[in-house]
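Input: a single structure, listed below in structure tokens.
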Amino acid sequence: EPEVTQTPSHQVTQMGQEVILRCVPISNHLYFYWYRQILGQKVEFLVSFYNNEISEKSEIFDDQFSVERPDGSNFTLKIRSTKLEDSAMYFCASRGQTGDYGYTFGSGTRLTVV
Amino acid sequence: GDSVTQMEGPVTLSEEAFLTINCTYTATGYPSLFWYVQYPGEGLQLLLKATKADDKGSNKGFEATYRKETTSFHLEKGSVQVSDSAVYFCALSERGNKLVFGAGTILRVKS
């Protein structure tokens, strides 16, 4: 079964550093998403991406965040200057253009900001 | 805006007990509804989904029926196993846009 692949699985970074989280969506999917889950809390939407541009973003997705699809396979989330409160599990998801809107999630990247 | 409300957990059951996790939603249109499961230390896995009223989603013994009249999508399983211990998230999506998740319900099954 096709998978969404995320790397790294765990990243530790110092406050103020830039991090890039990487995702390889399912190859024929067209819609890409980032979500985050602070430990023990609900899963929150960050941003959606379609046709090489952001289609929607949440209040969380401020100027410190950016997304990019640098080539035909990768989808990245960059946090420019990390804060302690950015520590969370970050999930990438993708979906095709079928009518049942089947979203597939990656296994997540646990980001720890120290 | 759209929202999803789930029953608070944790829910603790003995093996072979009947499970119900309540989920209700608020949406402006006619959303698709989902249940996702998160096992300890893992990501989100789609458990089942329903795209229109009266649809029943089912998978691995779990079922949920899309009830438009009560705006609900309750998750049920007739006989739970220890391996079902996980966090269960109800979610909705309108017209294929972002998923909106409930807070999640922790299920603990004792042998």
Confirm whether A:S48 is small (G, A, S) and touching a Phe, Trp or Tyr at 6+ places or on another chain (Cβ under 6 Å).
yes
When A:M89 is run through (1) outside any strand (DSSP E or B); (2) within 14 Å of chain B (Cβ to nearest Cβ); (3) not charged (D, E, K, R), the failure sits at (1)
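Let's see how each residue does on (1) within 14 Å of chain A (Cβ to nearest Cβ); (2) surrounded by 20 or more Cβ atoms within 10 Å (Cβ to Cβ); (3) in contact with a Phe, Trp or Tyr (Cβ under 7 Å, 6 or more places away or on another chain); (4) closer than 23 Å to A:T109 by Cα:
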| residue | (1), (2), (3), (4) |
| --- | --- |
| B:K49 | yes, yes, yes, no |
| B:K60 | no, no, no, no |
| B:E63 | no, no, no, no |
| B:Y66 | yes, yes, yes, no |
| B:S72 | no, no, no, no |
| B:V80 | no, yes, no, no |
| B:L107 | no, yes, yes, no |
Within the range B:82-105, how many residues are open to solvent by less than 50 Å² (accessible area, probe 1.4 Å) and under 16 Å from B:K60 (Cβ atoms)?
6
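What's the total number of residues in the range A:75-103 that are open to solvent by less than 40 Å² (accessible area, probe 1.4 Å) and either of a type in the set (S, T, Y) or under 16 Å from A:V4 (Cβ atoms) (or both)?
15
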Would you confirm whether or not the range B:30-40 contains a residue that is exposed (fewer than 14 other Cβ atoms within 10 Å of the Cβ) and modelled with pLDDT of 95 or more?
no
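The values are calculated or read from the model by the stated rules, or taken from the named source; none is laboratory data. In this text, all values refer to a predicted model and were calculated from it rather than measured experimentally. FYI the Cβ positions are ideal-geometry reconstructions off the backbone, even for glycines, and counts take in every protein chain you see. Remember, those area values only see protein heavy atoms, side chains included, never the ligands or the DNA or RNA. Shrake-Rupley method; radii C 1.70, N 1.55, O 1.52, S 1.80 Å.
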